[in-house]
Structure formats: C-alpha cells, structure tokens
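Visitor: Quick one: this structure, given as structure tokens, is what I'll be asking you about.
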Amino acid sequence: MSVSARPSAASSPARRILQQSWPVLVGQWAGMAFGVLDTAMTGHASPVALAAMALSVSIYVTVFVGLTGVLHALIPIAAQHFGAGRLAQIGRAWGQAVWLALGLSALGGALMMFPGPWLSMSGDIAPEVRSQIEGYLHMLVLALPAALVFRTVYALNTAVSRPKVVMTINLAGIGAKALFNWLFIYGKLGLPALGAVGAGLSTALVFWLAVAVSAWVLWRDPFYRPFALRIGLPRWASLRELLRLGVPMGGSYLVEVTSFTFMALLVAREGVYATGGHQIMANLIALCYMMPLSLGIASGALTAQAIGAADHERARRTGSAGLALALGGAAATIALVTAGRGWIVDAYTSDPRVAAVALGLLTMQPLFHFFDALQCCTSYLLRAYKIAVAPMLIQIGTLWGIGLLGGWWLGYGPAAGALAAPLARIMPGAPTGAATLWLMASVSIAVSGLMLQAWYRRVLRLRNPHSVTPA
C-alpha cells in the first residue's frame with residue numbers, strides 16, 4: 001500500500017473528516033466499554049469491590065487523562081510531517097514519543113502507588129475498601145506503561161489517517177477484557193477471586209496485549225515502512241518539541257476532567273438525590289461529547305496535514321468543514337436529547353426524586369453541549385497549528401474561574417442562593433447548588449468556545465490574510 005498525504009480531487013474536506021472520525025468515535029466508545037465492564041462486573045462481586053472501583057477509577061482517570069494529553073502532541077507533529085512528505089521524520093518522532101510515554105508512566109505510577117493523599121479528600125474509608133483501592137491501583141501501575149505506549153500508536157495512526165487500526169484493536173480488547181474480568185474478579189477456573197484488584201489485573205493484561213498486537217501491525221503492514229519506525233535513543237531536541245506542545249495540551253485535558261470531578265464533590269453536599277441527578281447529567285454530557293471529540297480529532301489531524309503541505313487554503317477549508325460538522329451534529333444531538341429526555345432519564349433511574357433532579361438539570365444540556373462542541377473542535381484546530389498554551393490559559397480562566405469558582409461562589413459560597421429564584425424557573429426540580437454549578441459551567445463553556453474561536457480566526461488571518469474566516 002502506498003503512502004499518500006494528498007487528498008483526491010473528488011474528496012471534499014467534509015467527506016474526509018467523516019471517513020476519519022467515525023472509526024475514532026467507535027474506538028472511543030470501545031474504550032468507554034472497559035469502564036462499563038469494570039463497574040458492572042465488580043458490582044456483582046461485592047459492594048466493597050464496587051466502592052473501591054469508583055474511587056480508584058477517579059484517581060486513575062485523572063492521572064491517565066493528563067498524561068495522555070501530553071502524548072497527543074504527536075498528532076499535529078506527525079501529521080504536519082505527513083502532509084509535507086517528511087515520512088522518515090514521522091518514525092523518529094514516534095520513537096521519541098515512546099520514550100516520553102515510558103517516562104510519563106514512571107511519573108504516573110509514582111502518583112498511583114501512594115493513594116493516601118488522594119483518599120484523604122474522601123474522608124474515612126473502610127479498611128477493606130482501602131485495601132482493594134491500593135491493590136487495584138498497583139495493578140494499574142503495571143498497566144500504565146502499556147496504556148501510554150498504546151496511545152503513541154493511536155496518535156501515529158490518527159496523524160496519518162489510519163484510525164481503523166486502533167479501532168479494531170480496541171474492539172477486540174472488549175472481548176479480552178470481559179474474559180479476563182470474569183476470570184480474575186470472580187475467581188473462575190480455580191483462580192482466586194480478586195474483586196476490584198482482578199479488574200485492574202485484567203486491564204493490565206489487555207493493554208500489554210494491545211501493545212503486542214500494535215507492534216506486530218506496525219512491523220508487518222507495508223503501509224508503515226516508509227516511516228522507518230524505530231525507537232532509537234532519546235533525543236532531547238525531539239522530546240523538548242513534544243513537551244513544549246504536550247504539556248499545555250495535557251494541562252487543558254486536566255482542566256476539563258477536574259472540572260467535572262470537583263463539580264461532583266460539591267454537589268455531594270446536597271445529598272444522594274442531587275448526586276444521582278448530577279451523575280445522570282454528567283454521564284449524558286460525556287456520551288454526547290464523543291461526537292464532537294471524534295470530529296475535532298479528525299479535523300485537527302487533516303488540518304495539520306494541510307499545514308505541513310503548505311496548503312493553507314485547504315487547512316482553512318478543512319477547519320471550516322470540521323466546525324460545521326461539529327455544530328451541525330451538536331444541533332441534531334440537542335434535538336434528540338430534548339425530544340427524548342423523559343425516556344433517557346427513565347433508562348438511568350426509577351427513583352422519582354433522582355429523576356426530578358436530572359430532568360431539571362437537563363434543561364442546560366442544549367446550551368452546554370452546543371458550546372462544548374465549539375470549544376472542543378476549535379481546540380483541536382488550534383493544536384493543528386501547534387498552538388496549545390493560549391487554549392490552556394483560556395480554559396483555566398473560564399472552566400476553573402467562571403465555572404468552578406463562580407459556581408461555588410454563587411451556589412455554596414458567600415453568595416449561595418443568589419440565583420435561587422430564576423433557577424427555580426429555569427431548572428425546576430434541581431437543587432439550587434447543583435443548578436448553579438451547571439449554569440455557570442454552561443456559561444464558562446460558552447465563553448471558552450467563543451474566545452477560542454476568536455483566537456482561531458486570528459491565527460487564520462495571520463497565516464492567510466486573504467482567506468475568508470469561518471462562519
């Protein structure tokens with residue numbers, strides 16, 4: 001198979017984005033299935049295992065998402081090399097990303113080996129739960145090097161428009177994960193029943209298998225031969241380029257994930273029904289986010305290819321097509337959720353008090369999701385131009401400043417209850433604190449999306465002053 005960075009004349013930017021985004025979306029869903037399997041299967045093992053899983057995953061996800069963001073710097077770097085036809089540079093960049101993944105896994109492993117500081121935020125934890133948490137996280141320390149190296153394979157294939165490779169491996173991993181969970185969580189075929197620790201062990205095995213399969217594909221598939229993939233020795237110049245772009249990218253990822261984490265901690269003050277309703281809203285927002293995320297990743301990679309080819313008009317048209325698809329998809333998602341929100345909430349819970357909270361909060365879903373799609377896609381387009389510090393600073397100021405700090409101030413802090421009257425009309429049934437948090441989160445996402453879009457238009461004017469900026 002030949003390697004070509006040039007799109008065919010008959011292939012529109014929108015079509016190429018859709019062709020590359022759907023395997024990314026399926027791969028994202030497959031990755032989410034791992035967490036669903038762990039939660040469902042440990043829930044049938046014991047309440048202790050389920051409690052340990054819930055706390056362990058929150059720690060692991062925070063560490064993993066931040067480190068993953070650093071490695072995703074490989075996507076625009078390799079995509080620009082691909083667009084410019086510098087194929088051997090792709091192999092060198094990937095090899096350095098593998099070294100970076102191994103170094104980051106040591107950092108992440110140290111953070112997970114000693115979960116005491118993390119758990120201190122959760123108050124008193126039963127000794128048996130704490131033991132399972134420590135065992136689960138220790139297993140994930142073994143999984144982390146493989147998980148991060150596999151992310152370099154994901155970034156490489158995304159950059160060169162081969163997302164189906166990782167999608168296929170992820171789909172196969174679901175079956176392996178279910179089998180290993182069955183063996184180790186419940187203690188089948190004479191093995192000891194390990195509960196949550198068994199779920200961690202199965203995750204480690206699946207990721208190491210994924211790395212082995214990835215290595216075989218990269219070695220055997222002739223598509224990758226022009227890249228001369230090799231790990232080589234660490235080179236500081238290449239690592240510095242990855243870190244210069246990757247550290248602010250990882251920072252942006254952390255800002256987003258911790259925003260939801262701290263929202264959940266604040267809402268917990270209002271009791272189990274508020275927490276349950278908030279969790280439904282948060283889970284639905286996360287599911288809806290997968291669509292603009294996949295479109296943003298595909299648009300960013302294809303835009304970076306065009307930048308590498310010095311075809312700035314194609315880069316602009318690709319970005320415009322990506323934004324149009326993301327916002328059009330967001331509008332369709334909003335319509336579906338709005339029309340079926342009663343059925344959706346019924347699928348999540350049979351408790352009328354939790355349902356009332358969720359239905360009240362869901363009135364914010366249209367505003368939140370539309371601007372979430374805008375800020376997500378625009379962030380990836382800016383990263384295609386190797387711009388990551390400005391997006392990170394914008395997201396810190398908006399998501400943490402307006403969203404979290406503003407939500408706490410008006411919902412639980414000195415100005416608690418200031419918005420109670422209008423929120424009772426806008427989000428009936430939702431507790432004032434939770435409603436305030438979601439209102440301020442929606443405002444913060446809107447401000448973030450608009451500021452990122454303004455920065456993106458500025459970049460386009462500087463790169464191609466005669467181009468028409470996207471609508």
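The values are calculated or read from the model by the stated rules, or taken from the named source; none is laboratory data. Treat the numbers as computed from the prediction; the structure is a model and nothing was measured. Because the Cβ atoms are built from the backbone with ideal geometry, glycine has one as well, and the counts that use them run over all protein chains shown. Each accessible area value is taken on the protein alone, full model and side chains, heavy atoms only, with ligands, DNA and RNA left out. Shrake-Rupley method; radii C 1.70, N 1.55, O 1.52, S 1.80 Å.
Visitor: Report the extension gain between MET32 and MET290 in nm, rounded to one decimal, defined as 0.36 nm multiplied by the number of residues separating them, less their alpha carbon distance.
Guide: On the way: separation 258, 0.36 × 258 = 92.88 nm, distance 1.01 nm.
Result: 91.9 nm gained on full extension.
Visitor: Can you give the FRET efficiency for LEU450 and VAL65, using 1/(1 + (r/R0)^6), R0 = 30 Å, r = Cβ-Cβ distance, to the nearest 0.05? Working shown, then result.
Guide: On the way: r = 25 Å, r/R0 = 0.82.
That gives a FRET efficiency of 0.75.
Visitor: At 1.4 Å probe size, with every protein chain present, just tell me what the per residue accessible area of the chain comes to in Å².
Guide: Per-residue value: 41 Å².
Visitor: Let me ask something additional. Carbon-plus-sulfur fraction of the accessible area of the chain, 1.4 Å probe, in percent?
Guide: Values: 13480 of 19320 Å².
Of the solvent-accessible surface of the chain, carbon and sulfur hold 70 percent.
Visitor: Multiply the residue separation of PHE114 and ALA332 by 0.36 nm, subtract the distance between their alpha-carbon atoms, and state the gained length in nm to one decimal. Please report the intermediate quantities before stating the final value.
Guide: Working: separation 218, 0.36 × 218 = 78.48 nm, distance 4.45 nm.
Difference between extended and current length: 74.0 nm.
Visitor: For n ≥ 4 DSSP H runs only, could you compute -39500 (n - 2.57) per run for the chain, divide by its residues and tell me the 222 nm figure to the nearest 500? If you can, show how the numbers build up before the last one.
Guide: Details: 17 runs with 368 residues, N = 471.
Dividing the helical sum by the residues of the chain leaves -27000 deg cm²/dmol.
Visitor: Same structure again: Using a simple spin-label model with points 7 Å from Cα along the Cα→Cβ vector, what separation in nm is obtained for ASP351 and ARG225?
Guide: 6.1
Visitor: Give the aspartates and glutamates whose C-alpha is closer than 15 Å to that of LYS164, dropping any in the same chain fewer than 8 places away, or say none.
Guide: ASP221
Visitor: Go through the stretch 352-358 residue by residue and turn each phi into a ³J(HN,Hα) via Karplus (6.51, -1.76, 1.60, θ = phi - 60°); whole Hz please, and just put x for glycine and proline.
Guide: x, 6, 5, 4, 4, 5, 4
Visitor: If you average the sequence gap of Cα pairs under 8 Å that are 6 or more apart and divide by the length of the chain, what percent do you get for the contact order?
Guide: Details: 728 pairs, mean separation 94.5, N = 471.
Relative contact order of the chain: 20 percent.
Visitor: How many nm separate the modelled label positions at LYS188 and LEU405, each set 7 Å beyond the Cα in the direction of the Cβ?
Guide: Calculated label separation equals 5.1 nm.
Visitor: Each residue of the stretch 198-212 in order: what ³J(HN,Hα) in whole Hz does its phi give by Karplus 6.51 cos²θ - 1.76 cosθ + 1.60, θ = phi - 60°, with x for Gly and Pro?
Guide: x, 5, x, 4, 5, 4, 4, 4, 5, 5, 5, 5, 4, 5, 4
Visitor: Which whole-Hz ³J(HN,Hα) couplings does the stretch 180-189 yield from phi under the Karplus relation 6.51 cos²θ - 1.76 cosθ + 1.60, θ = phi - 60°, glycine and proline marked x?
Guide: The phi angles translate into 5, 4, 4, 5, 8, 5, 9, x, 8, 6 Hz.
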